[in-house]
Amino acid sequence: MKKNILYLIAAAFCVMFLAGCDDFLDTQNLTKKDTSNFPVNETDATQMVNGIYSVMNRNLADPEEDPFFIFDIASDDRLGGGSQSNIGAQGVDRLMNAYTNWMNPCWSNRYKGINRANSALETIDNVTSWSSESKKKQLLSEIYFLRGWYYFNLAQVFNGVPLVLTTEPVNLPRSTPEEVYAQIASDLKNAIELAPSLRYPDYGEGRASRWAAEGMMARVWLFYTGYYKKSDLPLAEGGSVTKDQVITWLEDCIKNSGHGLVSDQRNLWPYTNPYTKPDYPYAKENDLNWETDENKESMFAIKMSNKPGWSADEQLRHNRIVEFYGLRKTTAAAFPFSVQGYSNGPVCEKLWTDWAADPDYAGDYRRVGSICDRLVEIPDYPGDKAKEVENTNLLAKKYIGCEAWNEDHSARYLSYGYYYGSNNNRQTGLTQSIVWLRFADVLLMHSELTDGKVIYNGKSGLNAVRQRANLPDISYSLAALKKERRYELCFEAIRWNDLRRWGDVSEIVKNQVGNHILNEKATGTYAFKIDFMQRYQATGGFFKIPEDQVTLSEGVLEQNPGWEDGTNWAKGDLPYSFK
């Protein structure tokens, strides 16, 4: 049966920073493409795989329902914030249902990616001539990686989900978590075994590599065995992935990938870029120098494009998560964090104070490198007292829009990205990559799995990461590892699932309740309104399957527990005074 595959490539890698898309689109009539004549050559096959990547960007049109935003806000690092209207972030923060058919973009876009991967696996053998066998294996590796990664997102958000492995229309019930994770593990294992051992950056900018698959396998193994209390990670074909195998893969990645730690962690974040730095005293005084989004520490990231536009696909070329984390009603007094946004995700006060009080982290530059104390760094910025809620006056620096002055300092560009080719716009100018895996995480996962074995520059992964922060070595313990992951990886969508796999979710209540906050013009302290741990026990930390998916399945797809009537969050539900 022929299948029209226009949807596979119409957005393709025009959304990404990879070559080849424009020439292809200019010379081919895509409306005539179906599985009888596509793919027929290596260029076609590359375009087909590029189309699988592009789905990552599509979800960003609805940032409150993107897995990165969900995992970031759900942790104890951030509150929901925003205004009274930002019920998406507040709902995520409280495990409450924010909208009718909530989470549909997450569900539908991840399955779009899976369907594209399935189609690619079914048709890639149509190509009979390759520049090398290695090229075909690389593309196959990327297909398996992306399908496994999309399923991992779904599994962490929704638990067991339908396991769709072909492009044939099917109405499937939910598979068990064991079945889903077995498929994830098999896909990542295929990705590892097929991928050429090309060192960074030779495998290609923006592409999933053998090393990304090895690192992601460790993350999957740790979550599955921790959350579900298992000893091994099953494989769909039988057998399992053992702890020793994961360690072997991590050590291969650490020793052979060409990835490594940049010299200063702060140089990973755009506020250190050379066009913002001269006018941002913190970056200038510390002589920080941005390593750009394409650096040796970034191992798997969602890339953005400089191409402007607001059509259904073009809108997704910029980073709306960064937009949602931006401050409201900004002025030059908020520079460099003066790109206007929605003030979601204010930093929890407890993270700020715990970090300062911890003797193992005395002098840690990452604290101020990761968090802006608004009253100290931008004291003249008045905020938006008419709308801001759950404002702690602490702002995360890693993912937030940064401005830059023009050449003669007569006006500000609405994003530093203007100097790199993006347009001067507070939304479409936001082109910072979203990093899903970086080398520091690989080192810390290795320490956790080996109880602190020496692996990198004569140190354990834990101490190598601490050394980069100018901190002395410490003895390995799980408690020490937990603290290091909290501080090194804050605001990177990792903490929520770490807490879940460690059984430490009650830390969220401990670290959020009592935060001093501003709600419009009123002072107060943070409260959930609902019993958060009761919600967690009822839901397992999983979110509501979109209502239309349950309805369309005609009873085949069952809703997650804990999402019955009475679990809605609406404007006006915040338990505060707004006088």
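The values are calculated or read from the model by the stated rules, or taken from the named source; none is laboratory data. Bear in mind that the values here come from a model prediction, so they are computed numbers and not experimental data. We place every Cβ from the backbone using ideal geometry, glycine too, and count neighbours over all the protein chains shown.
Just a few scattered comments:
- The stretch 163-189: number of residues that are surrounded by fewer than 22 Cβ atoms within 10 Å (Cβ to Cβ) and either among the basic types (Lys, Arg) or in contact with a Ser or Thr (Cβ under 7 Å, 6 or more places away or on another chain) (or both): 4
- Selection of the stretch 537-579 for residues being of a type in the set (Gly, Ala, Ser) and closer than 21 Å to Leu154 by Cα yields Ala538, Gly540, Gly541, Ser553, Gly555, Gly562.
- For Lys510, the requirement of being touching a residue at least 24 places away in the same chain (Cβ under 8 Å), in contact with a helix residue (DSSP H, G or I) (Cβ under 8 Å, 6 or more places away or on another chain) and either crowded, with 22+ Cβ neighbours inside 10 Å or not polar (S, T, N, Q) (or both) is met.
- Thr331 being among the β-branched types (Val, Ile, Thr) and either in contact with a His (Cβ under 6 Å, 6 or more places away or on another chain) or modelled with pLDDT under 95 (or both): yes
Table: residues versus (1) surrounded by fewer than 17 Cβ atoms within 10 Å (Cβ to Cβ); (2) in contact (Cβ under 8 Å) with a residue 24 or more places away in the chain; (3) in contact with a Cys (Cβ under 9 Å, 6 or more places away or on another chain).
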{"position": "Pro281", "(1), (2), (3)": "yes, no, no"}
{"position": "Asp287", "(1), (2), (3)": "yes, no, no"}
{"position": "Phe324", "(1), (2), (3)": "no, yes, no"}
{"position": "Leu327", "(1), (2), (3)": "no, yes, no"}
{"position": "Ser338", "(1), (2), (3)": "no, yes, yes"}
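- Matching residues in the stretch 416-433 - criterion: being in contact with a Gly (Cβ under 8 Å, 6 or more places away or on another chain) and of a type in the set (Gly, Ala, Ser): Gly417, Ser422, Gly429
- Residue in the stretch 246-267 that is part of a helix (DSSP H, G or I), among the basic types (Lys, Arg) and under 27 Å from Gly80 (Cβ atoms) present: yes
- Residue check, Ala182 under 19 Å from Val161 (Cα atoms), without any contact (Cβ under 8 Å) to a residue 60 or more places away in the chain, aliphatic (A, V, I, L, M) and part of a loop (DSSP other than H, G, I, E, B): no
- Whichever residue in the stretch 355-393 is surrounded by 20 or more Cβ atoms within 10 Å (Cβ to Cβ) and among the aliphatic types (A, V, I, L, M) and, among such residues, is farthest from Tyr526 (Cα to Cα): Ile378
- Lone qualifier among Leu188, Leu146, Leu172, Leu163 - being farther than 18 Å from Gly540 by Cβ, free of Cβ contacts under 8 Å to residues at least 24 places away in the same chain and either part of a helix (DSSP H, G or I) or touching a Leu at 6+ places or on another chain (Cβ under 9 Å) (or both): Leu163
- Any hit, the stretch 192-208, residues being among the acidic types (Asp, Glu) and within 20 Å of the chain's Cα centre (by Cα): yes
- Index of the failed condition, Pro274 passing every other in (1) surrounded by fewer than 22 Cβ atoms within 10 Å (Cβ to Cβ); (2) under 22 Å from Leu222 (Cβ atoms); (3) not aliphatic (A, V, I, L, M): (2)
- Within the stretch 268-292, tally of residues that are in contact with a Phe, Trp or Tyr (Cβ under 9 Å, 6 or more places away or on another chain) and either farther than 25 Å from Asp202 by Cα or part of a helix (DSSP H, G or I) (or both): 15
- Sole exception among (1) assigned to a loop (DSSP other than H, G, I, E, B); (2) more than 19 Å from the chain's Cα centre (by Cα) for Lys398, by number: (2)
- Elements of type helices (runs of 4 or more DSSP H) contained in the stretch 448-502, each with 3 or more residues being within 19 Å of Ser263 (Cβ to Cβ): 461-468, 478-488
- Residue in the stretch 56-70 that is under 30 Å from Lys521 (Cβ atoms), surrounded by 24 or more Cβ atoms within 10 Å (Cβ to Cβ), at pLDDT 95 or above and among the aromatic types (Phe, Trp, Tyr) present: yes
- Within the stretch 538-565, the only residue that satisfies the criterion of being under 28 Å from the mean Cα position of the chain (by Cα), free of Cβ contacts under 8 Å to residues at least 24 places away in the same chain and outside any loop (DSSP other than H, G, I, E, B) is Val550.
- Candidates Glu285, Glu251, filtered to the one that is of a type in the set (Asp, Glu) and within 18 Å of Glu193 (Cα to Cα): Glu251
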